[in-house]
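Note sheet for the following structure.
The values are calculated or read from the model by the stated rules, or taken from the named source; none is laboratory data. It should be emphasised that the depicted structure is a prediction, and the values quoted were computed from it without experimental measurement. As a convention, Cβ positions derive from the backbone with ideal geometry for all residues, glycine included, and neighbour counts pool all protein chains shown.
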Amino acid sequence: MPFNDHYVIIGNGPAGNHAAIILREKDKEAKITIISDECVPYYYKPKLTDFIADEIAKEDLMVSFLDSYKAKDIRIRLGQEVERIDPESKTLFLQHMEKVNYSKLIIASGSRARLLPPMSCYANHLKFVTSYTDVIEVKEEIKKLKSFFIFGGDLVGFKFLRMLNSMDKTVTILICPNAFWPYNLTDDMLAQITESLSKFNADIIVKDDISTIDEQNGSYRVKTQKGIEKNVDMVFSFNGLNPNIEFAKGSGIDIDHGILVNEYLKTNIDGIYACGSCAQIYHPNIRSYTTSIGWPNAVVQGEVAAFNLLGDHKIMESVGRKYFDLEGVKIKTTWWEDIDDES
Amino acid sequence: MKDINIVIEICGSAGEGTISAGEILSRFMSGQGFEIMSFDSYPAEIRGFGKCVAHTRISTSRIYSPGKLADVLIALNDKHSIFQLSTLKENGILIYDSQPVRPHKEDKSVVGWTKPGMISYGIPLNMLAHKATGNARGMNMVALGALAALFYVDKHGFTDSIKARYAKKKQIVIDSNVNSFLEGYSWTKKNIKKIDPYSFKGITSPKQKEKLIINGNQLVAKAALDANLSFYAGYPITPATKIMEILSRELPKHGGILLQTEDEISAIGAVIGAGFGGKRAMTATSGPGFALMTEFTGLSVMAEVPAVIIDSQRAGPSTGMPTKTEQSDFNSAVSGGTGDCPRIVLAPTDTKSCYEATVLALYLAEKYQTLVVLLLDFFLSNSIRNINIPEKPFSEYLDANIAPDKNDLKDYQRYKITKNGISPRAIPGTPGGMFFSTGLEHDASGRPNYSEAGHLEMTQKRFRKFNTVLSEAPAPEISIIDRDEFDIGVISWGSSAGAAHEAAMSAQKKGINASSFSSMMVSPFPEKALIEFADKCKKILIPELNFSGQFANFATQILKRHVERLNFITGRPMASEDILQKMKEM
């Protein structure tokens, strides 16, 4: 073979990084490149709220330090966005108009904050805590400001609420039933969550929705459909995540909500795999596609995708924690599986 | 007051406005009260599209050296900037063109080569320039606009600086540049999420006296004019040409004459001729030109005719690397030429001291009737600083000729043996002041004389003049003087002195007991002061920009002890970071 293989991984989260580690372990000669639109190396997203509150330093947020990529001879291209894929020529087109050729591709591009369609007209008024970039943008501001409005209420949202409480901020939270997408919280769940949150110093609004958000001299007036009005310094949206897959559209890769892969994490195109929260994985038992959530699942998916890219036939099975605790409400990370006991 | 200390590099191809953008940035930051040091590197070739880099260090504190690595790299050209990335800090910021005219092949985009930890901001430089001006010529200003937006720099002040830079151009040129800047500013404010820590917001520098933004060559020319230079002869050569360029314009306004000769040999000949005629005269050249002048320098010494040569060193030997800095003419400046040929050699240690050194050179040449060599280098010649406007020289520095009195003229002896070696010098045309002058060894009257005793007597006289020269020079600069002992003493000369001084101060903060020593006068050298300093130091380090350690060899002969050496021939100025690293390893 005149040239070594070039394995390209789109995404710098747990799935992408663990895929890269397996690829390097199993193929010492191949060229391996991780491309990420984020500017920082592999970091632990669940700790972002701790980072905002200065409970941990930036170094503590990092999972993988720069030296480790060098040691493994993995090239990492940070701050570079993939614009489109051409599977025929096996070429990635980056946003800055550079072409990158690959032999095989793993898409582990993760997710970004989900903006509810009715809120799209207020996108400029909303802040998110989905990425390091989001956090750096608001970290210092949060320390200075007093009042906050939280719209939604997913896992990170509730963690963010706890953080604001610890910082003695004034908080209003409007809990949306579908914030924990793809779940829809039932009335019982909502009641249980509301009860659980009552221990915090926060105004809790349920069974309501945002009507308008108006900016006034740098602060915001939030009106709900039931007529509640709040003047706050910052409005945050926590309504789950959407797969980051715009670059794959039009490439011929099958896409639904995420990138569709079989139980071996392979897409409909040879040599292209997808894993992590950007992928919808076919589950033979339920004969449908599922999206798993959580860090441990992403790690295993990355590893499975890498093994299979190298010729193995591993079937993706969910691992690790089976439940998330949403303020007392247990939610299965792989809800399609018939598992009752928390492992 | 918050502090800032940041190095910004703009990298582009010749013709892309790289150097202009750097100049505007420097001038604006200086106007805001910051200390600045900027340094451009560009290709030697006049034609073509070689790499240009405008390097600017901006600080709220005093700056001693340009800084080795950049905090920010603005890439106007991907091909050149890929190589320039090696000088960007590991956590540095890259500003690049995110929408070039043509797609890049793999690995042909600068952002593709950023290392993990670097932050990259993609700005559509080309597209915004076209939007503002209809062509790509405003890319440099778009980039400055992006920089201003990212770092919260005063937009209005910046546009004023751009207007001032192009004030003599047509209005359409001014508008194009300002519009390009504003396009870059607005787009960046709207589209870029800033994640780097740099900000000029809230940073104010105390109001300072009016500053002069100037490089070494400009300051040499200014000093020469202020010190009554009346004749200049020269042949253009990088990096000294700018001196001649300025003087060609300004010297005639001051009643002087500038002569462009056919080569360097003619130039020094003309300078010695003018000096013989009583004019303050000088030439400026670089290593290859100095080599040509060497034979003639002996005449200046032997005939005791004032002559000043500015040698702005560049990487050699031969034609070498014309646009790269080096300190490799030390040997030829101090001891080049034939015979026992004592001369005064001055090596300014920073931009500001170029003024003082030039005034001193013209004064000493005239007073001591000899050759004075002023050693600049590419970095000193071209690096721009904002300095306080220098005070004009005192009157005694403007006319230093020791003229013969009536008694001397009764039986005038041009080369009269005196206690201090200086003989009264009659300017041709002085009644009773006729004399012989020759490059041959001579007696007191100037007539050729080859006797053993005569040669010895005259050689002693020529050397004796230097016994008092040191008292005329500024005292050596020592960073810390109130201690009896240092672990490391850093001895440096010329343009490396700033980096050495900065390294010694940084070392102190890191627990290394260090001090630095440098002297503008390198021939004759203040040996006593050097020995006194070295005796306090357990170890000696001599950093310099040449391969063989020319100054270290010289200093070792004085100190008669081992010295550690640190030599670079990278073509870049000395970096304090490298000196500090060496100190840690010692």
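Annotations
- Any hit, segment B:512-522, residues being crowded, with 18+ Cβ neighbours inside 10 Å and in a helix (DSSP H, G or I): no
- Residue within segment A:265-283 that is assigned by TED's automatic domain parsing to the domain that holds residue A:93, among the charged types (D, E, K, R), within 20 Å of residue A:23 (Cβ to Cβ) and surrounded by 17 or more Cβ atoms within 10 Å (Cβ to Cβ) present: yes
- Any hit, segment A:159-174, residues being in a strand (DSSP E or B), in contact (Cβ under 8 Å) with a residue 40 or more places away in the chain and touching a helix residue (DSSP H, G or I) at 6+ places or on another chain (Cβ under 8 Å): no
- Condition check for residue B:82: more than 30 Å from residue B:320 (Cβ to Cβ), within 12 Å of chain A (Cβ to nearest Cβ) and touching a helix residue (DSSP H, G or I) at 6+ places or on another chain (Cβ under 9 Å): no
- In the set (1) within 24 Å of residue B:121 (Cα to Cα); (2) surrounded by 18 or more Cβ atoms within 10 Å (Cβ to Cβ); (3) touching a residue at least 60 places away in the same chain (Cβ under 8 Å), residue A:102 fails one condition alone, (1).
- Residue that is farthest from the other protein chains (Cβ to nearest Cβ) [pool: residues in segment B:185-200 that are surrounded by fewer than 19 Cβ atoms within 10 Å (Cβ to Cβ) and part of a helix (DSSP H, G or I)]: B:186
- Among the residues of segment B:253-269, those that are surrounded by 13 or more Cβ atoms within 10 Å (Cβ to Cβ) and either within 12 Å of residue B:236 (Cα to Cα) or out of contact with any helix residue (DSSP H, G or I) (no Cβ under 7 Å at 6 or more places or on another chain) (or both) comprise B:256, B:257, B:259, B:260, B:261, B:264, B:266, B:267.
- Exactly one residue out of B:529, B:503, B:534 is touching a residue at least 12 places away in the same chain (Cβ under 8 Å), buried (at least 22 other Cβ atoms within 10 Å of the Cβ) and part of a helix (DSSP H, G or I), and it is B:503.
- Test: residue in segment B:93-108 that is in contact (Cβ under 8 Å) with a residue 60 or more places away in the chain and more than 8 Å from chain A (Cβ to nearest Cβ): yes
- Residue B:108 in the same structural domain as residue B:16 (by TED's automatic domain parsing) and closer than 29 Å to residue A:89 by Cα: yes
- Within segment B:443-476, the residues that satisfy the criterion of being in contact (Cβ under 8 Å) with a residue 40 or more places away in the chain, crowded, with 17+ Cβ neighbours inside 10 Å and not in a helix (DSSP H, G or I) are B:473, B:476.
- Strands (runs of 3 or more DSSP E) wholly inside segment A:188-257 containing at least 3 residues that are farther than 30 Å from residue A:282 by Cα: A:202-205, A:210-216, A:219-224, A:229-232, A:234-238
- Number of residues in segment B:307-357 that are farther than 20 Å from residue B:465 by Cα and part of a helix (DSSP H, G or I): the value is 9.
- Selection of segment B:114-123 for residues being modelled with pLDDT under 90 and more than 7 Å from every other protein chain (Cβ to nearest Cβ) yields B:115, B:118.
- Restricting segment A:74-86 to residues that are in contact with a Lys or Arg (Cβ under 9 Å, 6 or more places away or on another chain) and under 23 Å from residue B:93 (Cα atoms), the residue that is surrounded by the most Cβ atoms within 10 Å (Cβ to Cβ): A:76
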